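What follows is one structure encoded as structure tokens, with my remarks underneath.
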Amino acid sequence: MADHVVTSYAQGDALLKRGDLRQALYDAGAILMERVLVNLHGAEHRTRRSAEARVFRRDIFRHYETTVFPVTLDQTLAPHLAAGETDICAFGYAVMMNLTADFTGIDRPERSAEETAALLAILRSLGKAPTLGTTTGDRDAIRAEIDAALRAFDARFYQPSKARRQALLADHAAGRIGEDDLPRDVLTAILETPATAAEPDEVLMKEAAFFLLAGAFTSIHSLTHAVHRILEWFAAHPGDEAQLRGDLDFLQRAAWETARLHPSSPVTRRRPVAPVEIEGLGRLEPSDTVTVNLMAANRDPARFGPTADAFDPFRDTGGTPLYGLSFGVGAHACIGRQLAIGVLPREGGGDEPRQLGSIPLILARLMAANVRPHPEQAPQMDTVSGRPNWASYPVLLGEGPRP
Ligand code: HEM
């Protein structure tokens, strides 16, 4: 039972593209993760992914960016703007949860503060599942907390959301409503596809919960790291600040560069489905694992040069994506990447419309709201999950001088 740790970008990239290695990162989080997309392999994975991929289309992304996100973003930001300050982590939880719930297909019919708080509490508990393997907390207590959160999610959010979609799909099948009247979200896609709709309800409920997590948790941490890195950049380049605050290309590149330096999952792990010989690692048995250290691979000087550790949104990475391996590659490559960070402008593409991604859009809104460091409250790192993320990041918003 050996674990081989890989820190080189080239080797990590090649390993994640192999079809004979399967997911091994979430064994400890089985209570939620066992049958969700990121843990499936081979034909089972392809069936589920192709059903869900129907929602991850350019026209649907544009619909969300132009129609759904701006409303949700303004509604979520309004009370923080009025208060003149916020905690980017707390704001990130609320906004990302709302955006991802829309995309996943989890209805919040009341739109009340109590309802948002209830779903947020569920999400915070479920968020402990992927890190059960690295947590410093009491594992049995955390498992009980996750189970209670799943039951609450099922009763209050999943069952009503599913029932509403099933009724709409029945109306559509009977010709009472058209294709355009169906919600464009993951849950509808799953229920509309016979192969996925036939899976046990418990599995589909956990898939929906996992989507909320995969979309919201990752993006929350990336957003906070990006705000921190950008404010640091402004402090070091005060002459650029006035112009760069409103520069969408800069903010998007900053989000990509932040993703490289702060992968939401610092490592990912695989195990062979059968004994295999791997160049550079030797012979591996199914009981062995390979850990790809994404944090180290993304700072590999062989790929990113001698300044690999530095935050530089203007860095030229040639053919390598600026976000490195942070969204994975191969069969499990992140299905929501474009939704989160969009696509960079094409050379010679002029002002053609492109997808910006939810994180750059939120950054643009925060920059326009004059986000700046809180002069009295210092940000704090998370010391519980075992991941190097911010636990709290107080800032000021609105009128006022920047420190
Ligand atoms: C900053 C934001 C995000 C980051 C850093 C991120 C990162 C990742 C990574 C590293 C993987 C691959 C895991 C592996 O290979 O073991 C992954 C997979 C996945 N991501 Fe994301 N993600 C982000 C946003 C999103 C969003 C917005 C969604 C959905 C709305 C999403 C849904 C998924 C799903 C469903 C998978 C599993 C894909 C599969 O196994 O086929 N992610 N993500």
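The values are calculated or read from the model by the stated rules, or taken from the named source; none is laboratory data. Everything quoted here is computed from the prediction, not taken from an experiment. Don't worry about glycine lacking a Cβ; one is built from the backbone with ideal geometry, like all the others, and counts go over all protein chains shown.
Which condition breaks for Leu15 when tested against (1) within 11 Å of the ligand (Cβ to nearest atom); (2) in the same structural domain as Glu199 (by TED's automatic domain parsing); (3) surrounded by 19 or more Cβ atoms within 10 Å (Cβ to Cβ)?
It is condition (2) that Leu15 fails.
Determine whether the range 359-369 contains at least one residue that is in a strand (DSSP E or B), touching a helix residue (DSSP H, G or I) at 6+ places or on another chain (Cβ under 9 Å) and buried (at least 20 other Cβ atoms within 10 Å of the Cβ). It would help to see each step written out before you state the result.
Filtering the range 359-369 for residues in a strand (DSSP E or B) gives none.
No: zero hits.
Which one is surrounded by the most Cβ atoms within 10 Å (Cβ to Cβ) among residues in the range 43-58 that are in contact (Cβ under 8 Å) with a residue 60 or more places away in the chain and more than 11 Å from the ligand (Cβ to nearest atom)?
Across the range 43-58, the extreme among qualifying residues is Ala51.
Only one of Val36, Val71 is within 18 Å of the chain's Cα centre (by Cα) and more than 30 Å from Thr317 (Cβ to Cβ). Can you tell me which? Full working, then the answer.
Numbers: Val71 fails: within 18 Å of the chain's Cα centre (by Cα).
Being within 18 Å of the chain's Cα centre (by Cα) and more than 30 Å from Thr317 (Cβ to Cβ) holds for just one of Val36, Val71, which is Val36.
Six or more apart or on different chains, Cβ atoms under 6 Å: show the pairs whose first residue is in the range 295-323 and without any contact (Cβ under 8 Å) to a residue 12 or more places away in the chain and whose second is outside any loop (DSSP other than H, G, I, E, B) and surrounded by fewer than 16 Cβ atoms within 10 Å (Cβ to Cβ).
Listed by first residue and then by second, the contacts come to Ala308/Pro301.
Kindly provide the set of residues from the range 111-161 that are small (Gly, Ala, Ser), under 13 Å from Gly29 (Cα atoms) and in contact (Cβ under 8 Å) with a residue 40 or more places away in the chain, ordered by number.
Gly127, Ala129, Gly133 - these are the residues of the range 111-161 that are small (Gly, Ala, Ser), under 13 Å from Gly29 (Cα atoms) and in contact (Cβ under 8 Å) with a residue 40 or more places away in the chain.
Say we look at the range 248-292 and pick out the residues that are under 30 Å from Arg315 (Cα atoms) and of a type in the set (Ser, Thr, Tyr); which of these is surrounded by the most Cβ atoms within 10 Å (Cβ to Cβ)?
Per the stated criteria, the residue is Thr258.
Give the residues of the range 107-133 that are loosely packed, with under 14 Cβ neighbours inside 10 Å, modelled with pLDDT of 90 or more and of a type outside the set (A, V, I, L, M, F, W, C), sorted by residue number. Give the derivation first.
Applying the first criterion (loosely packed, with under 14 Cβ neighbours inside 10 Å) to the range 107-133 yields 109-114, 117, 121.
After this cut, where a residue has to be modelled with pLDDT of 90 or more as well, the list is 109-110, 114, 117, 121.
Across the range 107-133, the qualifying residues are Pro109, Glu110, Glu114.
Inside the range 266-357, counting only strands (runs of 3 or more DSSP E) that do not spill past its ends, which hold 2 or more residues that are within 16 Å of the chain's Cα centre (by Cα), closer than 24 Å to His41 by Cα and within 16 Å of the ligand (Cβ to nearest atom)?
Values: elements: 267-272, 276-278, 282-284, 289-293.
Counting at least 2 such residues, we get 267-272.
Can you tell me how many residues within the range 18-33 are without any contact (Cβ under 8 Å) to a residue 12 or more places away in the chain and crowded, with 19+ Cβ neighbours inside 10 Å? Give the steps one after another, and end with the answer.
Residues of the range 18-33 without any contact (Cβ under 8 Å) to a residue 12 or more places away in the chain: 30.
Those still in the list that are crowded, with 19+ Cβ neighbours inside 10 Å too: none.
Looking only at that region, the number is 0.
Just to confirm my filter: which helices (runs of 4 or more DSSP H) fall fully inside the range 105-211 and include at least 1 residues that are within 24 Å of Arg57 (Cα to Cα)?
On the way: elements: 113-126, 139-153, 159-173, 186-192, 194-197.
Here the list reads 159-173, 186-192, 194-197.
Filtering the range 69-94 down to residues that are of a type in the set (Val, Ile, Thr), assigned to a helix (DSSP H, G or I) and crowded, with 17+ Cβ neighbours inside 10 Å, which residue is farthest from the ligand (Cβ to nearest atom)? Walk me through it before giving the result.
Taking the range 69-94 first, the residues of a type in the set (Val, Ile, Thr) are 71-72, 76, 86, 88.
Restricting the remaining residues to those that are assigned to a helix (DSSP H, G or I) gives 71-72, 76, 88.
Filter again for crowded, with 17+ Cβ neighbours inside 10 Å, leaving 72, 76, 88.
On the way: Thr72: 14, Thr76: 16, Ile88: 14 Å.
Within the range 69-94, the match that is farthest from the ligand (Cβ to nearest atom) is Thr76.
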